[in-house]
Amino acid sequence: MNRTVLVAGVGMIPFSKPSAGLTYDAMGASAARLALSDAGIGYQDVEQVYAGYVYGDSGSGHAAVYHLGLTTIPVFNVNSNCSSGSSALYLARQAVESGAAECVLVVGFEQMPKGALAQWFDDRPSPLVRFEESVATTRGWDKSTPFALQFFGRAFEEHILQHGTDPRTFAKIVVKARRHAAANPRAVFREVITEEDVLGSQKVFGSMTRLECCPPTCGAAAAILCSTDFAQRHGLKPSVKIAAQSMTTDSPESFNDGDPIKVVGYDMTRKAAQAVYEKAGVGPRDIPVIELHDCFAINELISYEGLGLVDPGSGDAFVADGRNTYGGQVVVNPSGGLLAKGHPLGATGLAQCAELVWQLRGQAGDRQVEGAHHGLQHNIGLGGACVVTLYEKI
């Protein structure tokens, strides 16, 4: 079967700094209630749950949705690093599309600690050892430096080396993110800043600065997916569907030449995006609004290239000319993105989903991208997985 998958409801709580918000289960339950209310159904109508998170013990998804009720339905816990939320979304979409379920709840949440991302188990091989070894062959590896800073910091250096990228381009991306987030009441960082603020902030890896990195964040978001038959039986009239979706993992090209740009997911992004464009019959120029994975400013620039918005190495002009914001070719991260809205790992994919659904419904307020008929979501996690999802207004 290949049924239409509708997004019946979305919900998102305001994101917060670590230790400033609720516990993971309360956050997840709150976001799920918002999505259920938005869809106009009760939890008793849900047949399956997919819960995405990273910083949590086994069964954390159960703990969150048990606040909604004990209905005996399957609850699946999904951990795929920063792509956990959209990986859960991918599984939920498959369940509805295949006919395995009529109505599914997807929820993502994270109660993050302060500081850089860390790996918790030191008595077994790291799942990122292949990534570390690949980078080490050409760039070396410093075990005292947080792994995410090192991966993306080296990609930052590599992009400048390969393409002569102007370092101010990364600062412009951050300034754009903060400007967009100023209109988002759910974002963590809503203060408008300047390029000088970004470039003058603390150096965290080479010339990459602290403000060019996303902050550790707590938060939750959720979505309700359903079939057309379910919507009709319950008198629902969803106006957004998933037009195409692709999930990729790493290929040999990710590691063969030690290029850190490939190690952090460029090839996964390119292949997932191409699959989505081919299935939906649209191209990157047809899409007016995108929520992409800007965990670091460098990753936003790499993602422009991977998604086909620009040719490799031509991002400087794209950013300088304002083609990535309102009035340009495409509005990238109207929510403020990970750099400003925040990045609670398991919630990010569902927060992107919520933003794009609001955009396509015309409910994004001061962030609204006029005339948006399609919206593209890009969520990536080292380890690795990339999920690209195209939403369409119906």
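General remarks:
- Which listed residue is closer than 30 Å to LEU128 by Cα and buried (at least 24 other Cβ atoms within 10 Å of the Cβ), from GLY61, GLY56: GLY61
- Annotation: of all residues in the stretch 142-174 being in contact with a helix residue (DSSP H, G or I) (Cβ under 6 Å, 6 or more places away or on another chain) and of a type in the set (A, V, I, L, M), the one that is nearest to PRO312 (Cα to Cα) is ALA155.
- Some residue of the stretch 288-296 being open to solvent by 30 Å² or more (accessible area, probe 1.4 Å) and out of contact with any Lys or Arg (no Cβ under 6 Å at 6 or more places or on another chain): yes
- Among the residues making up the stretch 217-240, those that are in contact with a helix residue (DSSP H, G or I) (Cβ under 9 Å, 6 or more places away or on another chain) and open to solvent by 20 Å² or more (accessible area, probe 1.4 Å) are HIS234, LEU236, LYS237, PRO238, SER239.
- Qualifying positions in the stretch 316-348 - polar (S, T, N, Q) and part of a loop (DSSP other than H, G, I, E, B): ASN324, THR325, GLN329, ASN333, SER335
- Some residue of the stretch 192-210 being touching a Cys at 6+ places or on another chain (Cβ under 7 Å) and either touching a residue at least 40 places away in the same chain (Cβ under 8 Å) or surrounded by 22 or more Cβ atoms within 10 Å (Cβ to Cβ) (or both): yes
- Pairing residues of the stretch 320-337 that are open to solvent by 20 Å² or more (accessible area, probe 1.4 Å) with residues that are among the hydroxyl-bearing types (Ser, Thr, Tyr) and not in a loop (DSSP other than H, G, I, E, B), at Cβ distances under 8 Å and at least 6 apart in sequence or on separate chains, gives ALA320/THR169.
- When PHE151, PHE76 are screened for being outside any loop (DSSP other than H, G, I, E, B) and either open to solvent by 50 Å² or more (accessible area, probe 1.4 Å) or β-branched (Val, Ile, Thr) (or both), only PHE76 passes.
The values are calculated or read from the model by the stated rules, or taken from the named source; none is laboratory data. Note that the structure is predicted; figures quoted are calculated from it, not measured. Don't worry about glycine lacking a Cβ; one is built from the backbone with ideal geometry, like all the others, and counts go over all protein chains shown. Side chains included, ligands, DNA and RNA excluded: accessible areas come from the protein's heavy atoms. Shrake-Rupley method; radii C 1.70, N 1.55, O 1.52, S 1.80 Å.
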